[in-house]
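Colleague: Dropping the structure in here first, questions after.
The values are calculated or read from the model by the stated rules, or taken from the named source; none is laboratory data. Since the structure is predicted, the reported quantities are computational estimates derived from the model, not experimental observations. Cβ: placed from backbone, ideal geometry, glycine included. Neighbour counts: every protein chain shown.
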Amino acid sequence: MKKLSSAVLGLAFTFALGTMANAQVPTDPQIVGIVQTANRIDIDQARLALRKSTNPQVKEFANQMISDHTNLEKSVTDLANKLGAKEQTSDTAKQLKQQAAEESKKLNGLKGSDFDREYVSHEIAFHQAVIDAATNTLIPNAKNAELKSALQNAAPVLQGHLQHAQQLQQSLQGSSH
Amino acid sequence: MLQANRSTTAVSPAALLRFGLRVAAAGVIALTCCFSAHAATGPSHQIVIIKQMHFEPATLNVKAGDTVEWKNEDIFTHTATASDGSFDSGPIAPGSSWQTTISKAGTIAYHCGPHPNMTAQLVVAQTGESGQHEHEGAPGKEEEESLRWSPPRRPEEFHPILVNFTAALLPLAVLSDLLGRLLRRQALHTVGLWMMVYEAAITPLTVFAGWWWKSTEANQLPAKLIMVHQWLGTAAALLFIVLAVWRWRFHRRAIPPTWTYLTFGFVALLALVYQGSLGGAMVFGK
């Protein structure tokens, strides 16, 4: 049931990130805004995981998310300042925030291994959705070449997080049986 | 003033020359020790750059006994973790590096712990082979190669060399003055004086090389060990300067150093031995 709900949520993220392609092409400042929103969401939820989880593997993963996404956020901020493309909000960014708030509320109500499983499966769905959005929408629509290549360089780290989260999910399932 | 001092210490130019020659000879011996120690630390040093979520090169050919260094030039923290468990760097922060000596021949696959999609491998040839399978076991060859000397460039080369001087001069300074008092020999006091002055002059360099080394290793060092080692070393450098000034004042008053001075020298010596054991633990004690 929980798995299903996070799959639904993943779909919601995909939907949020996917609708902009249909609605309108995001501008570079909006792309920056979407990327930074996604970074902050992941950092916030990792902080929540550090507070709530007692599983050392989950904490290690959360620490890594904070470290990597903080660095990513900083590099995007630096680039945006350099390019004069200060981040701008968009419907997509707003939807992302809203969905993240719902997920945080849900995570706040969970404890122990239930929390760990929900957090990790949400991380999988979230990273998958961001990778898809970057590949299909953000990268093709980025007008500035430096922004485009920065997004391309960020893709492998998201892929790495996804794979790490998947390994973590398997090990959590293994330990619960 | 200076003139007066010279006459009171009663050291002939010939004695000074002989002493100088002995110091030079000791220096040569010490340097030879350093260089052979340096040569024995590793036949060659290879580097893997971590950049944009990749290990470069993805396949590195090394010989058993080579040192491999991973330099993190990415914006993320990474690890170099061998799949067979033979090495694990722990977190390598952006801008820092980690190194290990590869002892086992064969192919070692490794990856980044936090980013499992980052994979690479080391192809480790037996010592005596050169990358590809040539000759098995030519024992003399490796030793010959390792004796080649190249000037030190990096802090991990400077610090161990300088440490030899710091470690040798203090016991000689204290011992010379001790023997000078027991045997009532002025020449030994002269040795004690100059050894302490050299000790005070060279140890700040040793400490500087130590801090420099630490700055390149960042957080891969045992936290408590390095914390004590860095501050004890810095304090020791200051203490040696105080001792040298103190020793110089005895010289100016043309009297042998007091037992209080010698006691302080001995305590400094004990601290230095402890300091050396901490340094050794970090380099050899894995």
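Colleague: Of these, A:ALA62, A:ALA100, A:ALA46, which one is more than 14 Å from every other protein chain (Cβ to nearest Cβ), surrounded by 21 or more Cβ atoms within 10 Å (Cβ to Cβ) and not acidic (Asp, Glu)?
Modeller: Working: A:ALA62 fails: more than 14 Å from every other protein chain (Cβ to nearest Cβ); A:ALA46 fails: more than 14 Å from every other protein chain (Cβ to nearest Cβ).
Being more than 14 Å from every other protein chain (Cβ to nearest Cβ), surrounded by 21 or more Cβ atoms within 10 Å (Cβ to Cβ) and not acidic (Asp, Glu) holds for just one of A:ALA62, A:ALA100, A:ALA46, which is A:ALA100.
Colleague: Quick check on the stretch B:121-137: of everything there that is farther than 21 Å from B:ALA82 by Cβ and not in a loop (DSSP other than H, G, I, E, B), which residue is modelled with the lowest pLDDT?
Modeller: Step one: list which residues in the stretch B:121-137 are farther than 21 Å from B:ALA82 by Cβ, which gives B:128, B:130, B:132-137.
Right, trim to not in a loop (DSSP other than H, G, I, E, B) and you get B:130, B:132.
On the way: B:SER130: 45, B:GLN132: 40.
The residue in question is B:GLN132.
Colleague: Let me spell it out: the conditions are (1) surrounded by 19 or more Cβ atoms within 10 Å (Cβ to Cβ); (2) more than 30 Å from B:ASN72 (Cα to Cα), and B:ALA209 meets all of them except one. Which number is the exception?
Modeller: Every condition holds for B:ALA209 apart from (2).
Colleague: I've got another one for you. Please name all residue pairs, on different chains or six or more residues apart, with Cβ atoms under 7 Å, provided the first residue is in the stretch A:74-91 and is away from chain B (no Cβ under 14 Å) and the second residue is among the acidic types (Asp, Glu) and surrounded by 12 or more Cβ atoms within 10 Å (Cβ to Cβ).
Modeller: Pairs that qualify, where the first residue is away from chain B (no Cβ under 14 Å) and the partner is among the acidic types (Asp, Glu) and surrounded by 12 or more Cβ atoms within 10 Å (Cβ to Cβ), are A:ALA80/A:GLU87; A:LEU83/A:GLU146; A:ALA85/A:ASP28.
Colleague: Spot the failing condition for B:GLY280; the list is (1) surrounded by 14 or more Cβ atoms within 10 Å (Cβ to Cβ); (2) closer than 27 Å to B:PRO91 by Cβ, and only one is missed.
Modeller: Tallying (1) surrounded by 14 or more Cβ atoms within 10 Å (Cβ to Cβ); (2) closer than 27 Å to B:PRO91 by Cβ, B:GLY280 fails exactly one: (1).
Colleague: Over 25 Å from A:ASP114 (Cα atoms), within 11 Å of chain B (Cβ to nearest Cβ) and touching a residue at least 60 places away in the same chain (Cβ under 8 Å): is that true of A:VAL32 in this structure? Lay out the reasoning, then the answer.
Modeller: Details: over 25 Å from A:ASP114 (Cα atoms): yes; within 11 Å of chain B (Cβ to nearest Cβ): no; touching a residue at least 60 places away in the same chain (Cβ under 8 Å): yes.
So A:VAL32 does not fit the description; no.
Colleague: Turning to a different aspect of this structure: Taking the criterion of being under 19 Å from the mean Cα position of the chain (by Cα), in the same structural domain as B:GLN186 (by TED's automatic domain parsing) and either surrounded by 12 or more Cβ atoms within 10 Å (Cβ to Cβ) or not basic (Lys, Arg) (or both), would at least one residue in the stretch B:247-263 satisfy it?
Modeller: Taking the stretch B:247-263 first, the residues under 19 Å from the mean Cα position of the chain (by Cα) are none.
Within the stretch B:247-263, none of the residues are under 19 Å from the mean Cα position of the chain (by Cα), in the same structural domain as B:GLN186 (by TED's automatic domain parsing) and either surrounded by 12 or more Cβ atoms within 10 Å (Cβ to Cβ) or not basic (Lys, Arg) (or both).
Colleague: Same structure again: Got a number for residues in the stretch A:106-136 being hydroxyl-bearing (Ser, Thr, Tyr) and crowded, with 21+ Cβ neighbours inside 10 Å? Quick ask: steps written out before the conclusion?
Modeller: Residues of the stretch A:106-136 that are hydroxyl-bearing (Ser, Thr, Tyr), as a first pass: A:113, A:119, A:121, A:135.
Subsequent filtering for residues that are crowded, with 21+ Cβ neighbours inside 10 Å retains A:119, A:121.
Residues in the stretch A:106-136 being hydroxyl-bearing (Ser, Thr, Tyr) and crowded, with 21+ Cβ neighbours inside 10 Å: 2 in total.
Colleague: May I ask you to say which residue of A:ALA133, A:ALA150 is under 14 Å from the mean Cα position of the chain (by Cα) and at pLDDT below 95?
Modeller: Result: A:ALA133 is the single residue among A:ALA133, A:ALA150 that is under 14 Å from the mean Cα position of the chain (by Cα) and at pLDDT below 95.
Colleague: Next question. Would you please name the residue that is nearest to the chain's Cα centre (by Cα), looking only at residues in the stretch B:145-189 that are under 30 Å from B:PHE250 (Cβ atoms) and of a type in the set (Val, Ile, Thr)?
Modeller: Filtering the stretch B:145-189 for residues that are under 30 Å from B:PHE250 (Cβ atoms) and of a type in the set (Val, Ile, Thr), the one nearest to the chain's Cα centre (by Cα) comes out as B:VAL163.
Colleague: Then there is this: Could you give every pair whose Cβ atoms fall below 7 Å, whose first residue belongs to the stretch A:148-170 and is at the interface with chain B (Cβ under 7 Å from one of its Cβ atoms), and whose second residue is surrounded by 23 or more Cβ atoms within 10 Å (Cβ to Cβ) and in a helix (DSSP H, G or I), counting only separations of at least 6 or pairs across chains?
Modeller: Final answer for the pair search is A:VAL157/A:ASP68; A:VAL157/A:LEU72; A:HIS164/A:PHE61.
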